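Chemist: Mind having a look at this structure? Questions to follow.
The values are calculated or read from the model by the stated rules, or taken from the named source; none is laboratory data. Everything numeric here is computed off the predicted structure, so don't read it as measured data. In case anyone asks, the SASA skips ligands and DNA or RNA and just uses the protein heavy atoms, side chains included. Shrake-Rupley method; radii C 1.70, N 1.55, O 1.52, S 1.80 Å.
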Amino acid sequence: MAYWLIKSEPSKGMWDLIQKKGKKGYFWKRVRNFQARNYMKKMKKGDKCFFYHSVDERQIIGVVEVTKEHYPDNTDDSGRFFLVNVKTIKKLNRPVQLSEIKSNSKLSKLALVRQSRLSVMPVDENSWKIICTAGGYG
């Protein structure tokens, strides 16, 4: 199993939409960055992802799981981008703020710290455990 972080603007309501879709999950959409796309191609069913609210909130709010591996994004006329489906696992007991992540030296290699604008990124196992503990998940 691999670990990831996926981002959405809170105003888009993706967390609630994914949650409403239940066990089947819902597609993660409109990724238009090639590096993020390449990460999506590596996602496997059962992989876990932190769900991050970007823009004003800048915090990890929950955990989702990949339910369907990459497939063509029908909103992309070029055919170069993909979707993955995810389902909610749990909202964190306490959101983990970006400022908290940046202040923890053990998380300094995390892509979120180095490439903050990327919408999909890998998370190493040690960082996953640290953030889960901080958020009361586990």
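Chemist: Show that you can apply the helix-only estimate: for the chain, add -39,500 (n - 2.57) for every DSSP H stretch of four or more residues, divide by all residues, and state [θ] at 222 nm to the nearest 500.
Modeler: -7000 deg cm²/dmol
Chemist: If I compute solvent accessible area with a 1.4 Å probe over the protein chains, what percent of it on the range 15-138 is carbon and sulfur?
Modeler: 47
Chemist: Keeping all protein chains in place, calculate the accessible area per residue for the range 21-106 (probe 1.4 angstrom), answer in Å².
Modeler: 57
Chemist: Cα centroids of the range 1-43 and the range 87-114: how far apart, whole angstrom?
Modeler: 17
Chemist: Do the alpha carbons of any pairs in K21/K106; K20/K44; K12/K68; K20/K109 sit beyond 32 Å of each other, and which pairs?
Modeler: K21/K106; K20/K109, as the Cα separations exceed 32 Å there.
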